[in-house]
Amino acid sequence: MRALGTASTGMLAQQLNVDVISNNIANMTTTGFKRQRAEFQDLLYQDMRRAGASSSDAGTIVPSGIQIGVGVKTASVYRITDQGGLEATGNDFDLAIQGDGYFRVLLPSGEEAYTRAGSFQMSPNGELVTQDGFTVLPAITVPQDALSVTVNSSGEVQVALDGQVNLQTVGQIDLAIFFNEAGLQPQGDNLFKESTASGAPSIGVPGSTGFGTLRQRYLETSNVNAVGEITSLITAQRAYEMNSKVITTADEMMSTTNQLK
Amino acid sequence: MENAIYIGLSQQMALRRHMDITANNLANMTTTAFKSVAPVFQEFLSDEKQGTEISFVQDYGMYHDKSVGQITGTGRPLDLAISGDGFFSVQTDAGVRYTRNGNFKLDAEGFITTNSGDFLLDETGATIQMDLANPDIEVAADGTINLGGQQSTKLELMKFENDQLLKQEGNGYFNPDGAEAEPVEGIKILQGSLEGSNVNAILEMTSMIEIMRSYTSAQKLLDAEHDMQMKTIEELPSMN
């Protein structure tokens, strides 16, 4: 019976749905995390009776044929990149992006990665680095004797030095934007890599057309909406149950057939 | 003589197909913009020479429930839901297809595509490319979409006189299969939302119980007919 296979595709889809939802809930307090959503599509259809086939020799045709679908498939699991909330932390090296863009990070392998999590730190030689110690690009070195560090909304890093009236600019943080940011390849540790689907990054100064602005001493929280996730979880669980009920029914029908004398 | 058996079998075959369709509806309970399907049965009369007419069951066709599914917000600019009767036009390798699934993406060059990578079409039948410098995508209720700067275009929204003729192809696509599409006015595009599946779980579960019970009673009919034949075979020789 086709129904058995169809229902099993339904159960597999809901299982994946729950996997995605549970990852969202697990990352509810991850800095800069973007929630994901599983998108489903109907699978193939089998033509049992073609629409338009002639139904009599008087030239009448079948108005709508019979097409039986064979289940559901996962089309994609995509990130929803709307803005997360901004949380004040008071830490000088915490930066949040308000709007579009990613910080650029140099991986130890020499490759470039991108992140929205702006919880940066200082390295022993005064460089701005991520929580994992990877350099933020372009490299910015803060002098050891700096009294305070200021990052303005357009990414200029300025330091106050002892005995100097004016702030001194020591670097400029830039951002990368992508045509299709949902196509970025997630690497874990809040990092993403460029992919064929995302397209090449276009790099610019925060605040210029198309780029977001920076907020110092703030972090972007995850954009997971707890109520929304729990509701999806309930739907997924019920849909899973109903598909398992289909399997039971199909099984009962086959067992009835088996009892034929 | 075996007519009762054949009638019972015709019912069981139709019920099995009905079950397959119900299973597909339930499997697609969370599929974006899925339209549920119901089979249409008819009586199939066979002319018997003796003058008695025998009616078989035949699954004649199917009916697409075209009601709009529940629209839920996703907060993503390229999630579009159609409120009202209409379809987005999509350019695939096999020709233009129509879909109500408004879960669109930007590809690496900024073209708006579906999940399968097929291009969304505008009013003039051209593909739509966005400007990277202006990533804020705004889609108005009438389908007007800004391309960045002062430029804008309008999505091609089509409808069919008889949308039951459309053929489902999977991926949420409908093949017009010869039917004529015409532009539709007065429907609304909701940005940041997706249309859910319109499968009614309660209806499907009830119809599943019904299928199961009918199937069992058809089986009973077959059993009874079988018993009758057995009896005939046993008793006939002792009649003389």
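The values are calculated or read from the model by the stated rules, or taken from the named source; none is laboratory data. These figures come from a predicted structure and were not determined experimentally. In this analysis, Cβ positions are derived from the backbone assuming ideal geometry, glycine residues included, and neighbour counts consider all displayed protein chains. We work out accessible area using only protein heavy atoms, side chains counted, and drop any ligands, DNA or RNA first. Shrake-Rupley method; radii C 1.70, N 1.55, O 1.52, S 1.80 Å.
Remarks
- Taking A:ASN243, A:ASN166, A:ASN223 in turn, the Gaussian network model of chain A (Cα-Cα springs below 10 Å) assigns the largest fluctuation to A:ASN166.
- B/A buried area, accessible surface, summed, 1.4 Å probe, Å²: 5300
- Couplings for the range B:105-112, taken from phi via the Karplus curve 6.51 cos²θ - 1.76 cosθ + 1.60 with θ = phi - 60°, read 10, 9, 8, 4, 9, x, 7, 7 Hz in order; Gly and Pro are left as x.
- Inter-chain Cβ neighbour average for residues B:28-40, partner chain, 10 Å: 6
- Debye log10 I(q)/I(0) at q = 0.17, 0.21, 0.25 Å⁻¹ for the range B:188-240, Cα point scatterers: -0.74, -0.84, -0.94
- Comparing A:ASN24, A:ASN225, A:ASN125 in a Gaussian network model of chain A where C-alpha atoms under 10 Å apart are linked, the largest mean-square fluctuation is found at A:ASN125.
- Our summary gives chain B a relative contact order of 26 percent, counting only alpha carbon pairs under 8 angstrom and 6 or more residues apart.
- Three principal axis extents describe the C-alpha atoms of chain A; from largest down they are 101, 41, 33 Å.
- Overall dimensions of the range A:112-190, expressed as equivalent-ellipsoid semi-axes from the Cα gyration tensor (√(5λ), whole Å, largest first), are 28, 15, 8.
- Inverse of mean 1/r across different Cα pairs in the range B:138-240, Kirkwood, Å: 20.1
- With Cα atoms, 0 to 90° folded angle of helix B:3-27 axis to chain B main axis: 20
- Computed Rg/Rh of the range A:152-225, alpha carbon atoms with Kirkwood Rh: 1.08
- Amide H to amide H, with H built 1.01 Å from N, A:GLU156 comes under 5 Å of A:ILE173, counting only residues 5 or more places away or on other chains.
- Within a Gaussian network of chain A (alpha carbon springs, distance under 10 Å), most fluctuating of A:SER244, A:SER154, A:SER222: A:SER244
- Cβ-based net charge around A:GLY71, under 14 Å, with every Lys or Arg adding one and every Asp or Glu removing one: 0
- Of A:LYS245/B:LYS35; A:LYS73/B:LYS154; A:LYS73/B:LYS105; A:LYS34/B:LYS154, those spanning more than 23 Å from alpha-carbon to alpha-carbon: A:LYS73/B:LYS154; A:LYS34/B:LYS154
- Considering all C-alpha pairs of the range B:32-101, those separated by over 14 Å amount to 73%.
- If you take all other residues with their beta carbon under 12 Å from the beta carbon of A:VAL136, and give Lys and Arg +1 and Asp and Glu -1, the sum is -3.
- Helix A:2-26 and the longest principal axis of the Cα set of chain A meet at an angle near 20°.
- From the alpha carbon centroid of the range A:218-247 to that of the range A:92-151 is 35 Å.
- Projected label points at B:THR153 and A:ALA226, each 7 Å from Cα along the beta carbon direction, are separated by 4.4 nanometres.
- For the range A:5-47, alpha-carbon Rg over 2.2 N^0.38 Å: 1.55
- For chain B, convex hull of alpha carbons as volume per residue, Å³: 156
- Sum of -39500 (n - 2.57) over DSSP H runs of 4+, divided by residues of the protein assembly as shown (222 nm, nearest 500): -8500 deg cm²/dmol
- For the range A:86-220, the percent of C-alpha pairs falling in each 5 Å distance bin, counted from 0 to the bin holding the largest distance, reads 2, 11, 20, 24, 21, 13, 6, 3, 1, 0, 0.
- The orientation-averaged shadow of the Cα convex hull for the protein assembly as shown, equal to a quarter of the hull surface, comes to 31.0 nm².
- Sparse packing (at most 12 other Cβ atoms within 10 Å of the Cβ) combined with a DSSP loop state is found for the following GluC sites (Glu not before Pro) in the range B:166-222: B:GLU180, B:GLU185.
- Ratio Rg/Rh [Cα only; Rh per Kirkwood] for the range B:71-195: 0.94
- Expressed as a whole percent, the accessible area of the protein assembly as shown that falls on carbon and sulfur atoms is 52 (1.4 Å probe).
- Net charge over other residues, Cβ less than 12 angstrom from the Cβ of A:VAL159 (K, R count +1; D, E count -1): -4
- Within the range B:86-169, chymotrypsin sites (Phe, Trp or Tyr not before Pro) in DSSP loop having at most 11 other beta-carbon neighbours inside 10 Å: none
- Cα principal axis extents for the range B:121-182, largest first, Å: 42, 22, 19
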